[in-house]
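Some notes on the structure that comes next.
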Amino acid sequence: MAKIELGFEGERFIYIPNLQINLMEDSPLTNDLYIYSLGYFFHAAHHYINRPDGCNEFLFIYCKGGCGWIELYGKRQKLEPNQFIILPKDVPHSYWADEEDPWTIYWIHFRGSKASIFSKDFDRPTTVEPSALSRIEERLDLFEEIFFVLNESLSINHLHYANLCFAHFLASFLFIDVYRNKFRRKEYSENVIKRVIHYMNENIENNLKLKDLTLFSGYSESYLYRKFVKETGHAPMDYYMRLKMDKACKLLIQTDMKINQIACKLGFREPQYFSRTFSNIMGLSAKEFRQQNFRL
């Protein structure tokens with residue numbers, strides 16, 4: 001089996017230089033919890049890491065799609081979609097993508113005097129169950145905000161802001177029930193189509209099929225299809241693809257991500273297919289859209 005640490009289509013990562021690491025260690029705003037490095041790998045076939053002596057940071061891994069394996073404390077565990085794990089520092093471990101269904105992961109190495117508190121009891125796969133109360137897309141948008149801020153500048157103000165956001169990001173996993181805001185229940189419980197659209201948004205980076213929507217809604221494919229078209233004017237999968245393109249437009253406007261990186265983030269294994277789909281729906285290419293100075 002091939003073993004690769006980096007070099008995946010659409011990958012993004014930031015390693016923070018030692019000078020900035022020292023600034024965060026010395027700052028009372030960040031020395032209790034701060035990012036050492038972070039990144040995103042899409043469909044990371046042959047991804048493999050082995051650390052016989054562990055590493056000097058805690059490592060958060062969130063699996064968004066596919067699956068992979070973690071070996072920790074001499075025990076092998078599977079990490080599946082919508083699961084996360086925090087690997088403790090200085091403990092031997094290895095992890096790798098599944099050969100048949102390689103994972104898509106968000107990962108963050110972090111340190112700080114409170115890092116062990118944030119990590120306690122999460123050294124095993126923990127599920128973030130999708131539901132009508134989920135805020136998965138908002139959580140991943142927060143990751144993108146952290147990434148964008150650090151990619152833009154490593155000034156002390158940017159470091160402070162990104163790391164305070166990181167504490168919120170971790171809290172969204174560690175205190176799921178609080179994060180999910182019970183007051184949202186009514187908004188999505190009264191209308192099945194609204195719940196299905198919410199489910200689409202929560203899985204904007206995945207590749208849902210019509211059968212996934214029917215399983216979620218509890219209705220047959222034919223009934224859901226007719227009801228969806230009646231209320232939205234679009235077939236369910238057409239609407240889902242338009243949501244993806246809407247998200248792509250936001251990423252083209254708000255970030256400097258490359259087009260192939262946006263394609264990967266939205267679950268397209270072939271950037272060319274993403275480009276064709278974008279052009280068909282938007283009436284111009286993603287490159288042209290970005291060159292329009294976002295007047296659209």
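What number, in percent, do you get for the relative contact order of the stretch 8-79 if the mean sequence gap of Cα pairs under 8 Å and at least 6 apart is divided by its residue count?
Numbers: 52 pairs, mean separation 20.6, N = 72.
Relative contact order here is 29 percent.
Output ³J(HN,Hα) for the stretch 50-55: one whole-Hz value per residue in order, computed from phi by the Karplus curve 6.51 cos²θ - 1.76 cosθ + 1.60 with θ = phi - 60°, and x for Gly and Pro.
The phi angles translate into 10, 10, x, 10, x, 9 Hz.
Could you tell me which residue out of Gln20, Leu87, Ser131 lies farthest along the dipole of the stretch 12-133 toward its positive end? Charges go on the beta carbon: Lys and Arg +1, Asp and Glu -1, centred on the Cα centre.
Result: Gln20, furthest along the dipole toward the positive end.
With only alpha-carbon atoms counted, please give the Rg and Dmax of the chain, in Å.
My reading of the Cα-based Rg and Dmax gives 19.9, 61 Å.
Sort out for me the Cα centre separation of the stretch 254-272 from the stretch 1-79, rounded to whole Å.
Cα centres, the stretch 254-272 to the stretch 1-79: 21 Å.
How far is helix 236-254 tilted, in degrees, relative to the longest principal axis of the Cα atoms in the chain, given as a value from 0 to 90 rounded to the nearest 10?
That helix lies at roughly 50 degrees to the long axis.
Taking 8 Å as the Cα distance limit and 6 or more residues as the minimum spacing, I'd like the relative contact order of the chain as a percentage. Don't skip to the answer; put the middle values down first.
Details: 474 pairs, mean separation 47.6, N = 296.
With pairs under 8 Å counted, the relative contact order is 16 percent.
Apply the Karplus parameterisation 6.51 cos²θ - 1.76 cosθ + 1.60, with θ equal to phi minus 60°, to every residue of the stretch 158-166 and state each ³J(HN,Hα) to the nearest whole Hz, in sequence, with x for glycine and proline.
Whole-Hz 3J(HN,Hα) from phi for the stretch 158-166: 5, 5, 4, 4, 4, 6, 5, 5, 4.
Can you work out D for the stretch 191-291 in µm² s⁻¹ from Stokes-Einstein, where Rh is the Kirkwood radius over C-alpha pairs, the temperature is 25 °C and the viscosity is 0.890 mPa s?
Working: Rh = 14.2 Å.
The calculation lands on 173 µm²/s.
Mind listing the phi-derived Karplus ³J(HN,Hα) values for the stretch 110-118, rounded to whole Hz, using 6.51, -1.76 and 1.60 with θ = phi - 60°, and x for any glycine or proline?
8, 9, x, 5, 9, 4, 5, 5, 5
Against the longest alpha carbon principal axis of the chain, how many degrees, from 0 to 90 and to the nearest 10, is the axis of helix 221-232 turned?
With both axes taken from Cα atoms, the answer is about 90 degrees.
Hey, what angle do you get for helix 192-202 against the long axis of the chain, alpha-carbon based, 0 to 90 degrees rounded to 10?
The two axes meet at around 40 degrees.
How big is the gap, in Å, between the Cα center of the stretch 111-146 and the Cα center of the stretch 209-224?
Taking the Cα centre of each part, the stretch 111-146 and the stretch 209-224 sit 29 Å apart.
Ranked highest first by average number of other Cβ atoms within 10 Å, how do 27-35, 6-14, 68-76, 259-267 line up? Display every interim value, and only then the final one.
Working: 27-35: 18.4, 6-14: 16.1, 68-76: 14.2, 259-267: 22.4.
Highest mean packing first, the order is 259-267, 27-35, 6-14, 68-76.
Using the per-residue mean of other Cβ atoms lying within 10 Å as a proxy for protection, in what order, highest first, do the peptides 36-42, 233-239, 142-148 fall? Spell out each step's value before the answer.
Values: 36-42: 22.0, 233-239: 15.3, 142-148: 18.3.
Highest mean packing first, the order is 36-42, 142-148, 233-239.
Only Lys, Arg, Asp and Glu count, each charged at its Cβ (+1, +1, -1, -1), so figure out the dipole size of the chain about its Cα centre, rounded to 20 debye. Before the final figure, lay out each step's value.
Working: 37 positive and 37 negative charges, 201 e Å.
Computed charge dipole of the chain: roughly 960 debye.
No value in this document is a laboratory result; all are computed from the given coordinates. This structure is a prediction, so every number in the text was calculated from the model and none was measured. FYI the Cβ positions are ideal-geometry reconstructions off the backbone, even for glycines, and counts take in every protein chain you see.
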